[in-house]
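Undergrad: This structure is in C-alpha cells; I'll ask about it shortly.
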Amino acid sequence: MSFDHIHPQSKGGATSFENVCLACRSCNEYKSDSTEGQDPLTGEVVPLFNPRMQQWSEHFCTVAR
Ligand SMILES: [Zn+2]
C-alpha cells in the first residue's frame with residue numbers, strides 16, 4: 001500500500017490525515033494527480049471518490065441491466 005493524496009500535492013494538497021488515504025501502488029499511480037473522471041455511462045465529468053468525505057455505499061452502486 002502507498003499513501004494517496006486525495007487532493008494532489010502537485011495541486012497544493014497537504015500531507016495530513018484529512019487528505020491522505022491508503023491505495024495500492026498501481027491504483028495510486030493510475031490515479032496520478034486526477035481529481036475527477038468521466039462517467040462511462042453518461043459521459044459526465046465527475047469528482048473522484050473521496051474516502052474522507054463520502055460513503056462507499058452511497059458513491060458506488062450497482063446498476064441493474
Ligand atoms: Zn488497486
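Undergrad: Amide H to amide H, which residues 5 or more places from Val20 or on other chains are under 5 Å from it, using H placed in the peptide plane?
TA: Placed amide hydrogens put Ile6 under 5 Å from Val20.
Undergrad: Next question, about the same structure. Compute, for the chain, the length of the dipole vector about the Cα centre, with Cβ point charges of +1 (Lys, Arg) and -1 (Asp, Glu) only. Units Debye, rounded to 20.
TA: My answer is approximately 140 debye.
Undergrad: Add -39500 (n - 2.57) for each DSSP H run of 4 or more in the chain, then divide by its residues: what number comes out at 222 nm, to the nearest 500 deg cm²/dmol?
TA: So the helix-based figure for the chain works out to -3500 deg cm²/dmol.
Undergrad: So, one more: Taking Rh as the Kirkwood radius, which is the inverse of the mean 1/r over Cα pairs, what is the Rg/Rh value for the chain?
TA: Taking Rh as the inverse mean 1/r over Cα pairs, Rg/Rh reads 0.99.
None of the figures in this text is laboratory data; all of them are computed from the coordinates on show. Keep in mind that what you see is a predicted model, and the values were worked out from it rather than measured. Quick reminder, even Gly has a Cβ in these numbers, built from the backbone with ideal geometry, and neighbours come from all protein chains shown.
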